[in-house]
Amino acid sequence: MSTSGGDGHRPSLLLVDDDATLRERLARAFRERGWDVTTAGNHEEALAAAKRESPEYAVVDLRMPGRSGLEVVKDLLAVDASTRAIVLTGYGSIATTVDAIRLGAVNYLPKPADVDDILAAFARASGEPSLAAPETFEAPSLARAEWEHIHRVLADCGGNISEASRKLGIHRRSLQRKLQKYPPAR
């Protein structure tokens with residue numbers, strides 16, 4: 001995917017993620033490739049930035065405190081329908097992928113994603129040829145799906161292990177043991 005043409009055009013990108021470390025790491029990597037990057041940590045910051053200067057591209061985290069990334073995508077596209085948005089998430093599911101695409105996202109990537117992954121996703125969405133081999137969908141293992149579900153419920157409970165254990169129907173100590181494990185390979 002071309003980042004800047006001979007006319008000196010720098011593509012504009014809005015990065016929306018509540019994880020400041022990830023957001024700034026991605027922003028720096030895009031800037032090093034010649035992109036004009038604006039960052040936001042939540043829905044309100046993202047919408048304010050888009051109203052000031054509508055980005056050509058947006059990378060939006062799905063799960064953030066307050067309003068979700070799906071709402072960010074919907075509202076960004078209400079400001080400017082030509083913005084090409086990609087949704088990033090550590091909690092992927094077919095339902096949220098369908099919702100993201102239905103709301104106007106051009107692609108959906110699991111975290112962790114780096115700049116090359118994001119650029120390839122934008123290129124695939126626009127039909128540009130990619131040097132990468134075509135991707136095939138590999139279903140996550142049962143252990144990985146369980147790990148993601150546990151972390152999703154824990155995030156929904158604001159990190160409260162007792163509340164999460166009640167929602168999951170397991171003992172609090174069992175949940176704590178599961179949380180100490182590393183995520184299973186896909």
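Brief remarks on what is shown
- Residues being under 20 Å from residue 65 (Cβ atoms) and open to solvent by less than 70 Å² (accessible area, probe 1.4 Å) - total across the range 139-157: 8
- From 76, 109, 70, 88, residue being touching a residue at least 60 places away in the same chain (Cβ under 8 Å), within 30 Å of residue 146 (Cα to Cα) and outside any loop (DSSP other than H, G, I, E, B): 88
- Flag for residue 62 being within 13 Å of the chain's Cα centre (by Cα), within 16 Å of residue 118 (Cα to Cα), of a type outside the set (S, T, N, Q) and surrounded by fewer than 19 Cβ atoms within 10 Å (Cβ to Cβ): no
Table: residues versus (1) over 22 Å from residue 126 (Cα atoms); (2) modelled with pLDDT of 95 or more; (3) surrounded by fewer than 19 Cβ atoms within 10 Å (Cβ to Cβ); (4) out of contact with any Gly (no Cβ under 7 Å at 6 or more places or on another chain).
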position	(1), (2), (3), (4)
34	no, no, yes, yes
41	yes, no, yes, yes
50	no, no, no, yes
53	yes, no, yes, yes
73	no, no, no, no
82	no, no, yes, yes
91	yes, no, yes, yes
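- The criterion of being part of a helix (DSSP H, G or I) and either open to solvent by less than 50 Å² (accessible area, probe 1.4 Å) or at pLDDT below 95 (or both) does not hold for residue 15.
The values are calculated or read from the model by the stated rules, or taken from the named source; none is laboratory data. Because the structure is predicted, anything quoted here is derived from the model rather than measured. All Cβ positions, even for glycine, are placed from backbone atoms using ideal geometry, and neighbour counts span all protein chains on display. Keep in mind that these areas ignore ligands, DNA and RNA; they rest on the heavy atoms of the full protein, side chains included. Shrake-Rupley method; radii C 1.70, N 1.55, O 1.52, S 1.80 Å.
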